[in-house]
Amino acid sequence: MSSINDLFSKVSVINVGLEMFKDDIEKQGGSAVHLDWRPPAGGKPELIDALEALARPEIAARIETANQEAVERILKSQPVLVGFGPALEVVPGMTKTTILHAGPPITWERMSGPMKGAVTGALVFEGLAKNLEEAAALAASGEITFSPCHEHNCVGSMAGVTSASMFMHIVKNKTYGNVAYTNLSEQLSKILRMGANDETVIARLNWMSDVLGPILREAMQIAGEIDLRLLLSQALHMGDECHNRNVAGTTILIQKLAPFILETSFTTAQKREVFDFVASSDYFSGPTWMAMCKCALDAAHDVPHSTILTTMCRNGVEFGIRISGVPGFTWFTGPAQKVIGPMFAGYKPEDSGLDIGDSAITETYGIGGFAMAAAPAIVPLVGGTVDEAIGFSVRMAEITTAENPNVTVPLLNFKGVPTGIDMRKVLQTGIMPVINTAIAHKEAGIGMIGAGITYPPMEAFEKALLAFARQEGVAG
Amino acid sequence: MAIKTAIKRNTYFDSVSLMSVTGRANAVAGVDQAMIGMGTAMNKEVLQNVGMLTPEAAEAQSGDLMIVVRSASDEIAEQALVEIDELFKQKGGNESGRKMNYATIESAVAHVPGANLAIIAVAGEFASREARRALESGLHVMMFSDNVSIEDEVALKTLAHDKGLLMMGPDCGTAYIGGVGLCFANAVRAGNIGIVGASGTGSQEVAARIHDFGGGITQIIGTGGRDLNEKVGGIMMIDGINALARDPATEVIVLVSKPPAKSVQDKVLAAAASCGKPVVACLLGGSEEAVTKAGLQFGKTTKEAALKAVIRAGRKEEEINKRALNLPLIAETRAKLKPEQRYIRALLCGGTLCEEMMLIAKESYDNVYSNIAKDPARKLKDVSTSIEHTFIDFGDDDFTRGRPHPMIDPSQRLARLVQEARDPSVGVIVLDFILGYGAHEDPAGVMIPALVEAKQIAATDGRHLEILGYVLGTDLDSQSLAEQTAKLSEVGVTIASSCTNAGLLARGFVSKEI
């Protein structure tokens, strides 16, 4: 706190509102910073009332305590990779005719182009349909159970389409005991999760469940467990943000796996195929970090009175969030947004599908877009300057609750990544969580066409706030 | 005519920035009318009124930026939208990369070492919240915002008092702290006189006069106009007096305010009397007896208060140019006016300037009307029509609701000047021109065409119209006091050297008694 006499000798201003006052102070040689201020909750009275009601001391204290608990659960979670196995064997509630998908619940009819492409491809891959036409008819027939990955302790990148035979990561939370799953990276861009579904895609999926998956399963049977949080932390120090840039993470993950892969009973040629496959794209470890984040965030869900986000995900049509203090699978949704960023040659912004995938689980945890200060090299991918990349991380600290002491950013003096997105802070500041993500073509059958930055729709947060306030008994 | 709309979702700009961009957008070639604003109900109504509420604009949310352009053709309107987009980009370009942007006070405090004061200039409904967060983060606060409830004001000032912080405002337009003018302030010499002011232009006027008399300023602490209200009880004025009492550089203290509530006046005068430093109290229209009884010096006018303070601060009286009233000028001007030209019309930007000039007029005339008169019988029912002697404060809510302050946007005053010039019963029109930080870059210049027109209207009508101008500023202000004065003189405006003198001259010009 500054005494009045200190003030009289040197004034240093934080300017809120009219910017010209800052300019005038600077003209006089005074020091001033201008706040990037917005009216709380977009100035909407109903939402401001809800925020004010939640700010009443006794209510706020209850929320703070709950949020501390939720954030502690995120921070203390120690997710370790313990194995790989087919979805049908390992994922709770999985059946031969179940298709898991990214994002909040959605019916076949409403699915976006890339998700429909992935679903039909998966049905062909599973042998449930002979070709894509038959697959589309089957998907529409009502015989297939569609369910969000998130409702099965899973996450799925992009379309997130996960079928019975696909091999899954198995990630266990050593602290809290819960388990999370996600399927394997298909590498490259013309792949099922991006909506592509021709015979090359299906052939790769077959190889993954015949060779890659079983080798990884056996390797982990030998390895026992691999501490993923430790690897994640190292990857950030090596310039990844672990959503769109995974070059370091993939290198250290395969470094860990390699000795055990060598010990498996498969042929040298098959092992060689696995190493070539991993080397074919930096993305190999991308899903691994998603499962790690999911594992930590599931442990933080269902803390009564907490306003911390435990899920952000998109199905290509809607963006959905879950709040720790709103139990179970209660989804708050708004329209999925465009992703703005550089496109692969030959594609234009109008070719883009809307924001899709469970990968925003990384931002929910505090990496990805939130850790861009750790990954200056990603700047060309998402556009903008290194300063802006650092700025994103600093800004995200304004809507989060804590810093993660286990996952730090060298460029910010080893500050921990911003962790525990507080729905109230998002609405108060108008600052949206930043997500850096891939762009799939809007039509089925094509694949990835770019990458960039996007944000959730405010609507999802508005609905969540009002529902939470009602639940807490402080609003209509 | 073609109307084109561009909506930028979730893009926030403050209204003043948008008005400035709107101004520049209207200057873009081919634009018949441009409107840029947030998608609020009020802005949509504005669009509706000018027939530009397109379906896209109607659907915009309050967090969305609306850009609506009317042009001769679709092509021209499209082109204009592209050019308007550039106006935003230029601004963004200058800002980015230079400094980090913080979105909350807490975050700025955490990242800016040494930050000690928050200026809060946001819409009133949001201002208390931000001020509370600033105080809780250990910052002193200057709250420029108005439309804040008196309950919030009391709560904020009590919180600040308990924490040993200054809570200047709400509705505090002027401060000068640590050698830096904040919001609306003039560039003044450093010195040994500190001011605590309940009114912005009053503090500006006293500081400018002190500067002109050769004195200098340590600090100007603003309290906001309601501080001396019974409910607030002068918390900030008393804390301000005590702060200046402890400030080693301050040797003389000047208080500037309208007359306080009696109980508050007693408290404030008692605090001033016991502060250990000489105090000059300028309570415009207040009781001299109460002030002198408390052992303080009384400044009847802003000019007198400044003069007494400067002398108390050590300047030799005989070395001061006191800017004596030009009595021959009064006689000359009287002679030019026709018998029916009996009335003063004062069109002012400064609230206290209006108040003081009106007080001076009321000493001689009873029929003095104003939009800020306390006496209901003397309050203008229709602020757009003058009655007899009329003093208009264009900075009052009547004129600023949903619009920028007249110190920034002169348009309402320009129109009124021409209107008054047509009235054959008007003898003198009084105008103030406020210089300094926060003010228009050329306040005299923007009025020149209207001044010429006003003079012409009277001349065509066969009368002399006296226009009296007062430029509130110092020779250190960036707008150049000398140039501003010269511009006005060139078009026949008579220049007063102070607010007090302007009031006296105006009163004298229309006096019909010998």
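So which residues in the stretch A:142-156 are among the acidic types (Asp, Glu) and in a loop (DSSP other than H, G, I, E, B)? Selection gives A:Glu143 alone. Here no helices (runs of 4 or more DSSP H) wholly within the stretch A:1-74 include at least 1 residues being facing chain B (nearest Cβ under 8 Å), in contact (Cβ under 8 Å) with a residue 60 or more places away in the chain and of a type outside the set (S, T, N, Q). For beta carbons closer than 8 Å, sequence separation of 6+ or different chains, a first residue in the stretch B:399-413 that is at negative phi and a second that is modelled with pLDDT under 80 and not β-branched (Val, Ile, Thr), the qualifying pairs are B:Pro404/B:Met19; B:Asp409/B:Met19; B:Asp409/B:Arg403; B:Gln412/B:Arg403.
Residues that are within 12 Å of another protein chain (Cβ to nearest Cβ) and either part of a helix (DSSP H, G or I) or aliphatic (A, V, I, L, M) (or both) within the stretch A:374-388 comprise A:Val386, A:Asp387, A:Glu388, listed in sequence order. Scanning the stretch A:64-74 for residues that are surrounded by fewer than 20 Cβ atoms within 10 Å (Cβ to Cβ) and not β-branched (Val, Ile, Thr) yields A:Glu64, A:Ala66, A:Gln68, A:Glu69, A:Glu72.
Please state which one of A:Pro79, A:Pro105 is out of contact with any Gly (no Cβ under 6 Å at 6 or more places or on another chain) and either crowded, with 23+ Cβ neighbours inside 10 Å or within 14 Å of another protein chain (Cβ to nearest Cβ) (or both). First the steps, then the outcome.
Working: A:Pro105 fails: either crowded, with 23+ Cβ neighbours inside 10 Å or within 14 Å of another protein chain (Cβ to nearest Cβ) (or both).
Selected residue: A:Pro79, the only one of A:Pro79, A:Pro105 that is out of contact with any Gly (no Cβ under 6 Å at 6 or more places or on another chain) and either crowded, with 23+ Cβ neighbours inside 10 Å or within 14 Å of another protein chain (Cβ to nearest Cβ) (or both).
Is it the case, given these coordinates, that B:Gly233 is closer than 21 Å to A:Asn5 by Cα and outside any strand (DSSP E or B)?
no
Do you know which of the residues in the stretch B:384-411 that are over 14 Å from the mean Cα position of the chain (by Cα) and surrounded by 18 or more Cβ atoms within 10 Å (Cβ to Cβ) is nearest to B:Asp442 (Cα to Cα)? Only one residue fits best here, namely B:Phe391. One residue stands out among those in the stretch B:111-120 that are facing another protein chain (nearest Cβ under 7 Å) and free of Cβ contacts under 8 Å to residues at least 40 places away in the same chain: the one that is nearest to A:Ile4 (Cα to Cα), which is B:Asn116. Quick one: which residue in B:Leu296, B:Leu348 is in the same structural domain as B:Asp432 (by TED's automatic domain parsing), among the hydrophobic types (A, V, I, L, M, F, W, C) and touching a strand residue (DSSP E or B) at 6+ places or on another chain (Cβ under 8 Å)? Just a single option satisfies the conditions, and that option is B:Leu348. A:Ala371 falls short on exactly one of the conditions (1) part of a helix (DSSP H, G or I); (2) touching a helix residue (DSSP H, G or I) at 6+ places or on another chain (Cβ under 8 Å); (3) under 30 Å from B:Ser62 (Cβ atoms); (4) away from chain B (no Cβ under 14 Å), and that condition is (3).
Take A:Ser112 and decide whether it is surrounded by fewer than 22 Cβ atoms within 10 Å (Cβ to Cβ) and either closer than 26 Å to A:Ala336 by Cβ or touching a Pro at 6+ places or on another chain (Cβ under 9 Å) (or both).
Details: surrounded by fewer than 22 Cβ atoms within 10 Å (Cβ to Cβ): no; either closer than 26 Å to A:Ala336 by Cβ or touching a Pro at 6+ places or on another chain (Cβ under 9 Å) (or both): yes.
Criteria not met by A:Ser112.
Filter the stretch B:248-263 for residues that are buried (at least 21 other Cβ atoms within 10 Å of the Cβ) and within 14 Å of chain A (Cβ to nearest Cβ); which is farthest from the chain's Cα centre (by Cα)? Looking at the filtered set, the residue picked out is B:Thr250.
Just one of (1) over 25 Å from B:Glu513 (Cα atoms); (2) surrounded by fewer than 23 Cβ atoms within 10 Å (Cβ to Cβ) fails for B:Leu435. It is (2). Candidates A:Thr333, A:Thr311: the one that is surrounded by fewer than 24 Cβ atoms within 10 Å (Cβ to Cβ) and in a strand (DSSP E or B) is A:Thr333. Being in a helix (DSSP H, G or I) and either under 30 Å from A:Gly473 (Cβ atoms) or among the polar types (S, T, N, Q) (or both) is a property that A:Ser265 lacks. Counting only residues that are within 14 Å of chain A (Cβ to nearest Cβ) and either among the hydrophobic types (A, V, I, L, M, F, W, C) or more than 17 Å from B:Val21 (Cβ to Cβ) (or both), the stretch B:42-58 holds 2 of them.
Looking across the stretch A:29-51, just one residue is acidic (Asp, Glu) and either surrounded by fewer than 16 Cβ atoms within 10 Å (Cβ to Cβ) or at positive phi (or both), and that is A:Glu46. Note on the stretch B:295-414: enclosed helices (runs of 4 or more DSSP H) holding 3 or more residues that are in contact with a Cys (Cβ under 8 Å, 6 or more places away or on another chain) are B:302-312, B:351-364. Here A:Gly93 meets each of (1) within 14 Å of chain B (Cβ to nearest Cβ); (2) under 30 Å from A:Gly156 (Cα atoms) with one exception, condition (1).
Residue check: B:Glu56 meets all listed conditions (1) modelled with pLDDT of 85 or more; (2) part of a helix (DSSP H, G or I); (3) within 25 Å of A:Trp37 (Cα to Cα) but one, namely (3).
One residue stands out in the stretch A:439-476 among those that are small (Gly, Ala, Ser), under 19 Å from A:Ile321 (Cβ atoms) and away from chain B (no Cβ under 14 Å): the one that is surrounded by the most Cβ atoms within 10 Å (Cβ to Cβ), namely A:Ala464.
Might you let me know whether the stretch B:97-104 holds any residue that is crowded, with 23+ Cβ neighbours inside 10 Å, at pLDDT 90 or above and within 8 Å of another protein chain (Cβ to nearest Cβ)? There is no residue in the stretch B:97-104 that is crowded, with 23+ Cβ neighbours inside 10 Å, at pLDDT 90 or above and within 8 Å of another protein chain (Cβ to nearest Cβ). Note on the stretch A:179-198: among residues that are touching a Ser or Thr at 6+ places or on another chain (Cβ under 8 Å) and either not in a loop (DSSP other than H, G, I, E, B) or not assigned by TED's automatic domain parsing to the domain that holds A:Ala136 (or both), the one that is nearest to A:Met111 (Cα to Cα) is A:Arg193.
The values are calculated or read from the model by the stated rules, or taken from the named source; none is laboratory data. This is a predicted model, so every value here is computed, not measured. Virtual Cβ from ideal backbone geometry, glycine too; neighbours counted across all protein chains shown.
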